[in-house]
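Enquirer: Pasting a structure below so you can have a look.
Just so it is clear, none of the values below were taken in a lab; they were calculated from the coordinates. None of the values given here were measured: they were computed from a predicted structure. A quick note on method: Cβ atoms are made from the backbone with ideal geometry, for glycine too, and the neighbour counts reach across all protein chains shown.
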Amino acid sequence: MNIALHDRLATAKKLARDAGALALSYQERLRRNDLVIIEKGVQDFVSEADQTTERLIRDELARQHPEDGFLGEETGSCLHGQGVWVVDPIDGTNNYLRQHRHWCVSIAYVVDGEPLLGVIYDPSNDELFSALIGQGAYLNDCRLHADHGNADRVRIVNLGYSAKTELQHYLRTIERLFEQGIDHRRHGSAALGLAHVAAGRFDGYMEAFINAWDIMAGVIIVREAGLWVELQTRPGGYAIRAGVPALAPILV
Ligand code: IPD
Ligand code: CA
């Protein structure tokens with residue numbers, strides 16, 4: 001495969017930081033109640049900040065890598081060429097719009113459905129998570145070495161839920177975790193949830209339906225940290241389970 005992956009990783013890292021800074025700059029207008037916000041569905045919002053940030057990423061990728069395709073949460077897809085950039089300009093939009101700090105920029109480069117590199121930038125904490133296939137995962141400049149743990153050391157899992165899935169399944173997952181003595185959190189950003197799994201801050205992540213742009217960067221970052229990821233295709237997206245292997249029989 002003759003793809004300049006190192007160049008693309010450098011592009012993605014720089015763009016994720018630029019996009020994070022741009023999104024942060026919109027927070028001033030948010031505080032002044034001067035940001036256009038549209039409700040796309042139940043608990044599903046998009047703001048001018050999401051749209052402008054995605055536009056920045058999309059335009060710059062088209063300029064630097066015109067041969068690549070693009071799929072973004074807010075501006076849709078243009079699929080051509082061997083690879084496609086899969087982008088969420090602000091993952092955790094609800095948090096962002098309520099001025100919580102838990103949101104991020106997520107950029108992946110995907111070939112034949114497999115992410116080859118991923119970058120997740122958390123501007124609130126200036127943390128850049130990244131991975132390139134076969135080259136490991138990093139938090140800023142530090143290599144992430146997953147602690148595989150064992151069943152006794154699984155303590156806390158991050159969960160995702162949206163109105164696109166069955167509430168009963170989500171509640172049953174929480175019940176099963178409690179039965180095993182495992183606690184959970186739901187922080188409202190799948191991308192950052194996965195990045196934190198790679199960094200050992202959670203033992204796992206699970207969501208019954210999720211879009212590609214929410215998870216593709218996180219998938220390769222978790223894999224390259226040496227952990228388990230299982231994706232099952234669903235109409236228009238995926239079900240994802242990830243984390244220490246001991247969670248596989250528990251997260252069903
Ligand atoms: C959402 C977040 C949330 C997940 C939802 C996603 P958005 O993305 O990742 O954690 O549970 O399924 O849609 O709307 O904040 O970009
Ligand atoms: Ca998202």
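Enquirer: For LYS164, go through the lysines and keep the ones whose alpha-carbon is under 28 Å away, minus same-chain ones fewer than eight residues off.
Expert: LYS40
Enquirer: At most 15 other Cβ atoms within 10 Å and a DSSP loop assignment: could you name the GluC sites (Glu not before Pro) in the stretch 187-252 that fit?
Expert: none
Enquirer: Hey, another quick one. Got a sec? Which residues in the stretch 231-252 would a label at ARG153 touch, if it sits 7 Å along Cα→Cβ and we count backbone N under 20 Å?
Expert: Counting only backbone N, you get 242-251.
Enquirer: For the stretch 1-137, what class follows from the C-alpha gyration tensor (a ≥ b ≥ c being the square roots of its eigenvalues): rounded when a/c is under 1.5, otherwise prolate if a/b is larger than b/c, else oblate?
Expert: Details: a/c = 2.14, a/b = 1.67, b/c = 1.28.
Prolate.
Enquirer: Related question: For the chain, return all DSSP H helices satisfying: extent of Cα atoms along own axis at least 15 Å; mean Kyte-Doolittle hydropathy at least -1.0.
Expert: Helix filter hits for the chain: 5-25, 167-179, 212-224.
Enquirer: Between ASP183 and ALA248, what FRET efficiency comes out of the Förster formula 1/(1 + (r/R0)^6) with R0 = 25 Å and r the beta carbon distance, rounded to 0.05?
Expert: After rounding, the FRET efficiency stands at 0.85.
Enquirer: Next up: What's the extension gain from ASP141 to LEU79 if we count 0.36 nm per residue and subtract their Cα-Cα distance?
Expert: Contour length minus Cα-Cα distance gives 19.1 nm.
Enquirer: Would you mind computing, in nm to one decimal, how far apart the modelled labels at ILE174 and GLU48 are, each placed 7 Å from Cα along Cα→Cβ?
Expert: Here the modelled spin labels are 3.7 nm apart.
Enquirer: Output the relative contact order of the chain, whole-number percent, from Cα pairs under 8 angstrom with separation of 6+ residues. Present the calculation step by step, with values, prior to reporting the outcome.
Expert: Values: 536 pairs, mean separation 42.7, N = 252.
Relative CO of the chain lands at 17 percent.
Enquirer: Additional query: Quick one: net charge around ASN140, please, counting Lys, Arg +1 and Asp, Glu -1 for every other residue with C-beta under 9 Å from its C-beta.
Expert: -3
Enquirer: Counting only helical runs of four or more DSSP H residues, what would the 222 nm mean residue ellipticity of the chain come to if each run contributes -39,500 (n - 2.57) and the total is spread over all its residues?
Expert: Roughly -10000 deg cm²/dmol at 222 nm, from the helical runs in the chain.
Enquirer: Sticking with this one: Peptides 37-47, 18-28: what's the order by average Cβ count within 10 Å, highest mean first?
Expert: 18-28, 37-47
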